[in-house]
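Below is one structure, written out as structure tokens; the observations come after it.
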Amino acid sequence: MKNLFNIGMLVLLTTMFTSCEKIKSIFDVEVKSTLEGMLYIDVEEPVQKSTNAYDFYEEVKVSPLDDEDIAEYEDNIKKIKATKIVATVKDVNKADVVFEKGTKITVKGTKVVSWTLSEPWPIEIGDEITLGDDVTVKLYKAVTEMLTDLETLTVIAEGTCNQKEVYVTLVVGIDVVVTANPL
């Protein structure tokens, strides 16, 4: 009889704890936001004059805590997930600018995630590419893991351009969904 009472109490306590967690999860807050890194790409005159492609490299730091919503719930974040990564051209100073095949966009923290353009990208204001491929789920998972640790990420654009003396403003946006519980 005593064992039956102990088992009953154990079941009751387990049920109460599980119910409390379910009730607490009712108060979860889901916030959608975009972390943005602005890359000011400057394709300069190369030292070697006899070339048809001109190299560029630019990087910017992106901290999840720079986002007001993420900073507000910093200590109460249950889950953070990268859902989409998009590179958008905000400005370009010349016409007929093309980033050549092989140009890379990289997100770097404790892990390194890169997308390599398989085709040339004509650079026009407002044009955007969603960074993704056959292994996108794996790559987004790596970005999600870095964001979960609230790491400051480095976003890098590097490659070659068909013209020199080009200035391009490229915004790399990481769409995230944050689940937090203020209780």
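Observations
- Taking every alpha-carbon pair under 8 Å whose residues sit at least 6 apart, the range 27-180 reaches a relative contact order of 47 percent.
- Distance from the Cα centroid of the range 92-154 to that of the range 55-75 is 16 Å (rounded to whole angstrom).
- With the cut-off at under 18 Å, measuring from each backbone N in the range 164-183 to a point 7 Å along the Cα-to-Cβ line of Asp91 picks out 165-173.
- Relative contact order (%) - criterion: Cα under 8 Å, at least six apart; region: the range 94-180: 41 percent
- Residue-normalised convex hull volume from the C-alpha trace of the range 27-180: 106 Å³ per residue.
Each value in this text was obtained by applying a stated rule to the coordinates, not by laboratory testing. Everything quoted here is computed from the prediction, not taken from an experiment. So basically every Cβ, Gly included, is an ideal-geometry build from the backbone, and we count neighbours across all protein chains shown.
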